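Please read the structure below before turning to the comments.
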Amino acid sequence: MEIRIRGVSRFYYAEGKTIKALDDVNLVIPANRIFTLLGPSGSGKTTLLRCIVGLEMPDTGEISIGNEIVWSKEKNISVPPEKRGLGMVFQTYAIWPHMNVFDNVAYPLQVRGTAKDAIAQRVAETLRFVQLEGFERRPATKLSGGQQQRVALARALVAAPKVILFDEPLSNLDAKLREETRKELRTFLGRLGITAVYVTHDRVEALALSDEIAVMRAGRIVETGTPKKIYFDADHRFVADFIGRANLVKATVQAEEGGCTVVDCGLGRIACQHRNLAVDSEATLCIRPEFIHPAKGAAPEGGNRIDGRIESMVFIGEAYEAEIRVGTELLLAKIDPDAQLEEGDAVNFTLDPAHCLLVAI
Amino acid sequence: MGNARTRLTWILILIVGALTVFPVLMLVLGSFSEGLTAFGHFTVDKYVEAYTDPAFFEVIANTAVFVLGTSLLSTLLALVLAYLNTRTDIPFKGLFRVISIVPMMIPHLLFAVSWALLLNPSNGLINLVLKQTFGLDGAPFNIYSLWGMILVEGLLELPIAYLIIAPAMSSFDVALEESSRVCGAGTWRTLLRVTLPVLRPAILAAFTLGIVRSLASFAVPSMIGMPGRVQVLATHLYTMISTGFATDYGKAAAVGMSVLVASVTLIVVYRALTAESEKFVTVSSRGFRPTVIALGRARLPLFGLVALLSFALIVLPVAVLLYTSFVPYSMVPSARAFSLMSLRHWTTVLEDPISLLALKNSLFLAVVGATLGVALSVFVAYVIVKVKTRAAGILESLSYLSFSFPGIVIGVGFMWFFVQTPLYATIWALLLGYIATYLPYGIRPMSSAFIQIHSHLEESSLVCGASPLVTMRRIIVPLLIPGIVSGWILLASMFIRELTLSVVLSRPGTEVLAVQILRYSEDGLWGRLSALGMVMIMISTMLVVLATLVGNRFKIASE
């Protein structure tokens, strides 16, 4: 079900100061997709999620889920969380320690007054779905972190919610388990075809899981788009920088040439992906390290040819991280671990205009 | 939701405020009044009278020596014990846990009685033994003195001081000491320049709390001080309101004011010190196991000392009471004494209507008082932990206020209030007084239970579709049960032995166990006293054992 958020703000008052946790957020979360709210801590993503689910009341605006308005300041509508029919997985999982796995998962059905045999059947189905068959009678707190996470997921899914919400559900798992669980979650959600709202500060998680990402900063939505759009084609410098490692170079727009926007910068004259920017305006050129392929010797043909010198190389396992000096700029590049290069080598490389991104300052 | 919480907060502020601030207010008003029947006519006569009394200065001097000596003794003993336990290879370390917990099961009044039975100058058991063995004319020891009071009260305050100092000692980062050694300082210099200064907040906290508790103590001064005519503030107050025909509650209130002010001030100091002590602990707690010092040849003698101390703290008082409850009069244990043993005192006590009434009243107060106290504590703790408004902060300060109230002083305040109401001389007066004075002891376990319940547990129930009421019933209450049970038992075991407040508020018809025991001691009926005392110890011990069992059972569940 589609979620529409209009003009939502949320203020906190602390020590006489007003903090805008959410600042006039407008957002449409499409139905039956995995939608991620991504942002650094304190950007308001969890507050927005808690406003959707009803655990926090916004100070302004309107939120509707499907055709139902669940919160509206003007119309004085406030549907409490228990009446919204949603499912949520908490950061701490919130597994009730005094209940076993079955009771935890059955709870949403029990409070709805579902018949006993229907509950048993539905819980069994859901536990099979999250691959926890046979765990019914275990005390829930005796499970591993990954299993607890799946109990929390089962509990959120069991009553067929309109929307399922996730508040950083993987942040309490160790790195390896986090990766496995992420894949599992992707599979589960892909099979369900349900509207899912996912909050995280981990960009890899966001890129790997989402159909669509909204990047937040200081209580506002900065940019919305598919993972590829956000990674390769961000409009904002903050988004480009936050979503992955990037070389950011100050540039001045010079001209429009052959479908490219041409800029002058510390790397020389560079043709970039087209942007509607006025000549002489300032912009930031963003180049991801994995698109810089330095080599020794004869320079290949093509535009955007750049000469530099390797200033440092650090072996990090799957690659070398190299710093390449080009004039006054220092560019970070990711080089194949078997490259025959050394510190101090003079190198050259070309940049595909499609990988030269101009973002607003 | 927000409105309901605000309303709840203010209702609780009113209730707790009435329970804690009201008696203080009445005490202040009472101290400026002519007498219980002439309430409201402003006068400073009582202050003049109380503070110009020539006996008053002796009382102050005695009190100062008593509280300082007690705190010094208990803190020093605790320091030595904590050091031996955490830093040396002394054997049988389980004994230290026993020392820190078991003495709390023995009511202070009975502990004092047992020492009087051992060391009183006329027929104290130890004195009798020594006189017989060495053919002495007079008794070598007299417990009925300031030094006797300090010894007994010091032993009573030892467990509390130990519980404050030992955790600080065990979380002490040994690297601090080691770096001092590397810098060239010897063992003693390191102890004086590094170890003790780092532990200073904890040591001072234990010392301050010792002063507050001995200042409020009534059991030892009444049982050991009064027979030796050593008056301290608590007994001075008691004398004014209980003896003779001219009981003077105005004068008692005037004296009580200074005790109250001193006590509240010291508690403020204590709370500041514990906050500082916790800060020290967090800085150095890194799961570091302090290196253990080998005691070598001193190992067994030192252990003997600890064993002797635990014997004196735990076994001796109970053994003496039990023995005294069976023999007809004070006599040295001998074949003849054992042949004369009977259940006479037990049957007399259990057939005595006043003792039975006292037992019934105490049980009623323990059960009903603990139930009401815990019910109130649940709501107060909920607001303190989960509602973070300024009003909740006010409630927190209010609810911990009575922690610093000396029972006998606050009893006088309550007296001024109850006398103007139909509650006077009823069991309800005692009930209200108990709950007001011991509320912090109910709130503490409850708020730690609430802290353990992460707000997500509550919120996820709401998201699952459960109403706030269902959430309360199915999630919050089940998770709170361990806290509720241990809070209930703690309050009940304190109420069953309550003395200081009861001694003021209890009237014919509303006798309680501790007051009845005090009466027996005033009449010198040691056998009956011991029998009734054993009943009290048995109920009290049962409750503590129950609390431990229940606590262990639920600890697993809430992990």
Inside the range A:46-72, the number of residues satisfying the requirement of being within 14 Å of chain B (Cβ to nearest Cβ) and assigned to a strand (DSSP E or B) is 3
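Residue-wise test of (1) within 12 Å of another protein chain (Cβ to nearest Cβ); (2) loosely packed, with under 14 Cβ neighbours inside 10 Å; (3) polar (S, T, N, Q); (4) closer than 18 Å to A:Gly145 by Cα.
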residue	(1), (2), (3), (4)
A:Arg155	yes, no, no, yes
A:Leu170	no, no, no, yes
A:Asp174	no, yes, no, yes
A:Leu177	no, no, no, yes
A:Glu184	no, no, no, yes
A:Val199	no, no, no, no
A:Arg203	no, no, no, no
Among helices (runs of 4 or more DSSP H) entirely within the range A:182-264, at least 3 residues that are within 27 Å of A:Glu282 (Cβ to Cβ) occur in A:227-232, A:237-243
Just to verify a result, which residue in the range A:140-153, among those that are over 14 Å from A:Ala106 (Cα atoms) and within 11 Å of chain B (Cβ to nearest Cβ), is modelled with the lowest pLDDT?
A:Thr141
Cβ contacts < 6 Å: first residue within 14 Å of another protein chain (Cβ to nearest Cβ), restricted to the range B:1-12; second residue at pLDDT below 85 and not in a helix (DSSP H, G or I), any location; separation 6+ or different chain. Result?
B:Arg5/B:Val387
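Here is a yes/no grid of residues against (1) within 26 Å of B:Thr239 (Cβ to Cβ); (2) part of a helix (DSSP H, G or I):
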{"residue": "B:Asn361", "(1), (2)": "yes, yes"}
{"residue": "B:Gly369", "(1), (2)": "no, yes"}
{"residue": "B:Gly373", "(1), (2)": "no, yes"}
{"residue": "B:Leu376", "(1), (2)": "no, yes"}
{"residue": "B:Gly393", "(1), (2)": "no, yes"}
{"residue": "B:Ile410", "(1), (2)": "yes, yes"}
{"residue": "B:Trp416", "(1), (2)": "yes, yes"}
{"residue": "B:Ala425", "(1), (2)": "yes, no"}
{"residue": "B:Ala429", "(1), (2)": "yes, yes"}
All positions within the range A:73-82 that are outside any loop (DSSP other than H, G, I, E, B) and either at the interface with another protein chain (Cβ under 8 Å from one of its Cβ atoms) or at pLDDT 90 or above (or both):
A:Pro81, A:Glu82
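Does A:Leu37 meet the test of being crowded, with 23+ Cβ neighbours inside 10 Å, of a type in the set (A, V, I, L, M, F, W, C), within 14 Å of chain B (Cβ to nearest Cβ) and closer than 19 Å to A:Ile3 by Cβ?
For A:Leu37, the condition - crowded, with 23+ Cβ neighbours inside 10 Å, of a type in the set (A, V, I, L, M, F, W, C), within 14 Å of chain B (Cβ to nearest Cβ) and closer than 19 Å to A:Ile3 by Cβ - is not met.
If you take just the helices (runs of 4 or more DSSP H) that sit entirely in the range B:158-218, which of them hold at least 3 residues that are of a type outside the set (Asp, Glu) and touching an Asp or Glu at 6+ places or on another chain (Cβ under 8 Å)?
B:196-216
Being touching a Leu at 6+ places or on another chain (Cβ under 6 Å) and either at the interface with another protein chain (Cβ under 10 Å from one of its Cβ atoms) or outside any helix (DSSP H, G or I) (or both) narrows it down to one of B:Leu499, B:Leu462, B:Leu479, B:Leu457, so name that one.
On the way: B:Leu462 fails: touching a Leu at 6+ places or on another chain (Cβ under 6 Å); B:Leu479 fails: touching a Leu at 6+ places or on another chain (Cβ under 6 Å); B:Leu457 fails: touching a Leu at 6+ places or on another chain (Cβ under 6 Å).
The unique qualifying residue is B:Leu499.
Being touching a Phe, Trp or Tyr at 6+ places or on another chain (Cβ under 7 Å) and among the small types (Gly, Ala, Ser) is true for just one of A:Ser64, A:Ser72, A:Ser78, A:Ser144. Which residue is that?
Only one candidate passes the filter, namely A:Ser78.
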Those residues that are at pLDDT below 80 and hydroxyl-bearing (Ser, Thr, Tyr), I need them from the range B:35-72; list them, please.
B:Thr37, B:Thr43
Pairs, please: C-beta under 9 Å, at least 6 apart or cross-chain, first residue in the same structural domain as A:Phe188 (by TED's automatic domain parsing) and aromatic (Phe, Trp, Tyr) and in the range A:131-155, second modelled with pLDDT of 85 or more and in a loop (DSSP other than H, G, I, E, B)?
A:Phe135/A:Leu143
Against the definition (part of a helix (DSSP H, G or I), within 14 Å of chain A (Cβ to nearest Cβ) and touching a Ser or Thr at 6+ places or on another chain (Cβ under 9 Å)), how does B:Gly487 come out, yes or no?
no
Select from the range A:107-130 the residues that are under 31 Å from the mean Cα position of the chain (by Cα) and touching a residue at least 40 places away in the same chain (Cβ under 8 Å) and write down the one among them that is nearest to the other protein chains (Cβ to nearest Cβ).
A:Pro108
Looking at (1) in contact (Cβ under 8 Å) with a residue 40 or more places away in the chain; (2) more than 14 Å from every other protein chain (Cβ to nearest Cβ); (3) over 20 Å from the mean Cα position of the chain (by Cα), can you tell me which one B:Ala436 breaks?
(3)
List every residue pair whose Cβ atoms lie under 8 Å apart, where the two residues are 6 or more positions apart in sequence or sit on different chains, the first residue falls within the range B:528-550 and is in the same structural domain as B:Ser362 (by TED's automatic domain parsing), and the second residue, located anywhere, is surrounded by 20 or more Cβ atoms within 10 Å (Cβ to Cβ) and outside any helix (DSSP H, G or I).
B:Gly533/B:Pro107; B:Met536/B:Pro107; B:Met536/B:Arg497; B:Ile537/B:Ile106; B:Ile537/B:Pro107; B:Ser540/B:Ile106; B:Ser540/B:Pro107; B:Ser540/B:Arg497
Restricting to the range A:84-118, name every residue that is farther than 26 Å from A:Val70 by Cα, surrounded by fewer than 24 Cβ atoms within 10 Å (Cβ to Cβ) and not aromatic (Phe, Trp, Tyr).
A:Ile95, A:Pro97, A:His98, A:Met99, A:Asn100, A:Asp103, A:Ala115, A:Lys116, A:Asp117, A:Ala118
If you take the residues in the range B:301-329 that are among the β-branched types (Val, Ile, Thr) and part of a helix (DSSP H, G or I), which one is surrounded by the fewest Cβ atoms within 10 Å (Cβ to Cβ)?
B:Val315
Residue under question is A:Ser64, and the condition is that it be farther than 19 Å from B:Ala466 by Cβ and hydroxyl-bearing (Ser, Thr, Tyr); does it hold?
yes
Residue in the range B:80-87 that is of a type in the set (Phe, Trp, Tyr), buried (at least 18 other Cβ atoms within 10 Å of the Cβ), under 22 Å from B:Pro167 (Cβ atoms) and modelled with pLDDT of 85 or more present:
yes
Looking only at the range A:124-153, and only at residues there that are among the hydroxyl-bearing types (Ser, Thr, Tyr) and surrounded by 15 or more Cβ atoms within 10 Å (Cβ to Cβ), the one that is nearest to A:His98 (Cα to Cα):
A:Thr141
Out of B:Ile476, B:Ile481, B:Ile435, I need the residue that is out of contact with any Ser or Thr (no Cβ under 7 Å at 6 or more places or on another chain) and over 23 Å from B:Met542 (Cβ atoms). Which one?
B:Ile476
So which of B:Val550, B:Val470 is away from every other protein chain (no Cβ under 14 Å) and assigned to a helix (DSSP H, G or I)?
B:Val550
Would you call A:Val89 in contact with a Phe, Trp or Tyr (Cβ under 7 Å, 6 or more places away or on another chain) and either touching a residue at least 60 places away in the same chain (Cβ under 8 Å) or within 13 Å of chain B (Cβ to nearest Cβ) (or both)?
yes
For the range A:308-325, indicate whether the set of residues that are of a type outside the set (Phe, Trp, Tyr), under 30 Å from A:Ala360 (Cβ atoms) and in contact (Cβ under 8 Å) with a residue 60 or more places away in the chain is non-empty.
no
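The values are calculated or read from the model by the stated rules, or taken from the named source; none is laboratory data. Remember, predicted model here, so these are calculated numbers, not experimental data. We place every Cβ from the backbone using ideal geometry, glycine too, and count neighbours over all the protein chains shown.
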